[in-house]
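For reference, the structure discussed in these notes is given below.
The values are calculated or read from the model by the stated rules, or taken from the named source; none is laboratory data. Since the model is a prediction, treat every value here as computed from it, not as a measurement. Quick reminder, even Gly has a Cβ in these numbers, built from the backbone with ideal geometry, and neighbours come from all protein chains shown.
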Ligand SMILES: Nc1ncnc2c1ncn2[C@@H]1O[C@H](COP(=O)(O)OP(=O)(O)OP(=O)(O)O)[C@@H](O)[C@H]1O
Ligand SMILES: [Mg+2]
């Protein structure tokens, strides 16, 4: 479990020390106090990526040039520094050139209101969801994804410039090699997730809603054939038109397409079910649950769904919750409550 987190020049915080409870911690604070930033810091420290931005410079406190995060997960000391010279990460004070060992320390599942985009948003949101899980549960996933994105970028740049086929073909092999790994991994992931998401959906909706989740690959298999037959279209559109960058998840609720027919409440339920499935899958693979980061989602849920969600979260998972009001929390007594005000954390609920 995460035992301490120290933020230096991260987002709106110059310095902040945070000591989460081993079970549930709730951070209460008004808007713009920095609640999401604290959970984001935990995510960046443990997974080296932010759930709300891909631009690392956004994380640096404005007016500063660098930020640092330090923490302890179990007995392991983690440190992440971002300076104008670049990123440095250390594990028990040893500098890590590669991120593999560092990332094997801890896993997380992030819940926020923008999870609704899993249902309503574009395929890229659902691919990111699969990738975030794949990187935490499938060996080699991160490398395959990086290699695929690199080959795709280079290939698309050449297609855009209208360069000769032999130049473009230099990137076919790396694209196919990494693409096939991704396609197979995502298909297996969805196979494992589908029943977990379906049962989580039944639990949250009090058995009212049946969720079906399917992988819709961004190309027919084998990928090499699909790539070869897509050449005329590639030449016309000047980009790679098939492959895992076009993968998607099909979501059906009670046999109807979720994005077109599910109500707002049902869409929220589907999004929660997908995230619970993610946490349960990580628990099944690693034998212990991920750290759960729940950013301000409880205020949006009705009482029944709130209780169902709390009951559906993996037991024994360390859970960090943010909220603007505590009045929903009937069982606040079972949580460590901290109030965030004036960029400081204080024990106890708001006065
Ligand atoms: N890089 C940065 N440097 C300084 N301040 C920042 C930076 N990034 C964000 N902020 C500010 O930090 C403050 C806290 O943001 P954060 O999203 O963490 O608040 P919050 O408590 O989650 O608010 P809400 O309840 O509205 O979600 C905001 O005023 C935001 O503008
Ligand atoms: Mg917030």
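Laid out as a table, the results:
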read-out: Helices (runs of 4 or more DSSP H) contained entirely in segment 98-200, each with at least 1 residues that are at pLDDT 95 or above and under 17 Å from the mean Cα position of the chain (by Cα); value: 100-103, 117-120, 123-137, 141-161
read-out: Test: residue in segment 315-328 that is touching a strand residue (DSSP E or B) at 6+ places or on another chain (Cβ under 8 Å), touching a residue at least 40 places away in the same chain (Cβ under 8 Å) and within 21 Å of residue 213 (Cα to Cα); value: no
read-out: Residue under evaluation residue 256, criteria (1) surrounded by 14 or more Cβ atoms within 10 Å (Cβ to Cβ); (2) at pLDDT 95 or above; (3) farther than 25 Å from residue 138 by Cβ; (4) out of contact with any helix residue (DSSP H, G or I) (no Cβ under 7 Å at 6 or more places or on another chain), criterion not met; value: (1)
read-out: Number of positions in segment 7-27 that are assigned to a strand (DSSP E or B) and within 12 Å of ligand 2 (Cβ to nearest atom); value: 1
read-out: Filter result for residue 38 (more than 16 Å from ligand 2 (Cβ to nearest atom), in contact (Cβ under 8 Å) with a residue 40 or more places away in the chain and buried (at least 16 other Cβ atoms within 10 Å of the Cβ)); value: no
read-out: Residue among 205, 178, 220 that alone is in contact with a helix residue (DSSP H, G or I) (Cβ under 7 Å, 6 or more places away or on another chain) and in contact (Cβ under 8 Å) with a residue 40 or more places away in the chain; value: 205
read-out: Residues located in segment 53-85, provided they are in a helix (DSSP H, G or I) and surrounded by 17 or more Cβ atoms within 10 Å (Cβ to Cβ); value: 59
read-out: Conditions (1) more than 14 Å from ligand 2 (Cβ to nearest atom); (2) touching a helix residue (DSSP H, G or I) at 6+ places or on another chain (Cβ under 8 Å); (3) assigned to a strand (DSSP E or B); number of the one not met by residue 4; value: (2)
read-out: Lone unmet requirement of (1) within 12 Å of ligand 1 (Cβ to nearest atom); (2) free of Cβ contacts under 8 Å to residues at least 40 places away in the same chain; (3) farther than 17 Å from residue 322 by Cβ; (4) part of a loop (DSSP other than H, G, I, E, B) for residue 50; value: (3)
read-out: Residues satisfying the stated conditions in segment 329-344, i.e. exposed (fewer than 14 other Cβ atoms within 10 Å of the Cβ) and modelled with pLDDT under 95; value: 330, 331, 333, 334
